[in-house]
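Here is the structure we will look at.
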Amino acid sequence: MGMRASFDQNSATRGAERECDGEGAALAGWHGRTQTSGVTPGSSSSSSSSPSLLSQSVVVARGGWLAARPGFVALARFGLVIKGVVQLLVGLLAMAALLGEKGGRITDGVGAMKALAGHPLGRPVLLLLTIGLFAYAGLRLVQGLLDPMRRPRSLTTAFFRAGDVLSGLGYVLLGIGAGRLFVGLGATSGDARAKRLTAETLAMPYGPKMLLAFAVVLGLLTVLFLARAFVVRDVCGDLLTEKMGPARCRASALLIRFASLVQATLFGTMATLFYRVAVLGNPAEARGMGGVMRFIGARLGPVIMALVAIGFVAMAATSFIESRWRKDLEIRGG
């Protein structure tokens, strides 16, 4: 599966330099979709602002809804940091599992938070994770429902806004899971939830067709992540590149591209699995993000699984970068 680091270092670095010099492209600025989210370590969905539908000057002019609410912006920044922490936990636990370390596991966001529950400092950390995940979910829902950036009306914008809403709902579920772990009630894993919802969907009159449509959506997300990894020239379009400096910008571009490649692998695998569910009618084929990672490890081997684990660390790094340098979270004086 062409997941060797075939974005060769020289061309990737040259592309990053072009991004830092401010060159735009047809899909510039789409880097924040991830989410996402995220890939969300505990769910799929991973998606922020619209591509280069907006020039930088228009972004600044239209970002006033967020800029005028410093409290919400502070919460959104905190939410991005917490999202990065969860992604980092998922990646580090997967690396530990591959190295045979005690406590290592290949799991999703809920599984990573369960690993914290037994730690002496687990409860206060889980409280912070709960607040942060709900904060990030709020940011995504605001982007999708209110569209503070005032993106142009188009089918592309509608698709991205729908992705924002779905990502926000996914992080609401992850936040609920963190809250349940905080109060000691336990939380349902992504795999268990995927199998239950898939079984319920298959029991509906048009259930298989609905699952097939879901697989197609996941396939489209895979294509978009691949485009961001290999085609989009200005993947830093949503960041304050003029304040980051060339070195940070180049490093961010490389991290974003690698994280996007890993996200494409995850969503492509998930799309294949849900296609099989729709065709075979077997809900046992459904997987959450943790199950997708284990499937990749079993089918493609430890080297690819190690790259996926490193990809989650790269996703975490991009979340931390966004928390500091996102254009739409910049508060301007006056």
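Some points to look at:
- The HN-Hα couplings worked out from phi for region 145-154 by the Karplus form 6.51 cos²θ - 1.76 cosθ + 1.60 (θ = phi - 60°) are 8, 9, 6, x, 7, 6, 5, x, 6, 6 Hz, whole numbers, x standing for Gly and Pro.
- Residues of type lysines that Lys114 reaches as a straight line, Cα spacing below 20 Å, ignoring anything fewer than 8 places off in the same chain: Lys83, Lys102, Lys195
- From phi via Karplus (6.51, -1.76, 1.60), per-residue ³J(HN,Hα) for region 215-223 in Hz, x at Gly/Pro: 4, 5, 4, 4, x, 5, 4, 4, 4
- Here Val231 sits with roughly 100 square angstrom of accessible surface, probe radius 1.4 Å.
- This model, with +1 at the C-beta of Lys and Arg and -1 at the C-beta of Asp and Glu, gives region 202-334 a dipole about its Cα centre of some 140 debye.
The values are calculated or read from the model by the stated rules, or taken from the named source; none is laboratory data. In this text the structure is predicted, and so the values were computed from the model without any measurement. Please note: Cβ atoms are built from the backbone with ideal geometry, for glycine as well, and neighbour counts cover all protein chains shown. Surface areas here come from the heavy atoms of the whole protein model, side chains and all, with no ligands, DNA or RNA. Shrake-Rupley method; radii C 1.70, N 1.55, O 1.52, S 1.80 Å.
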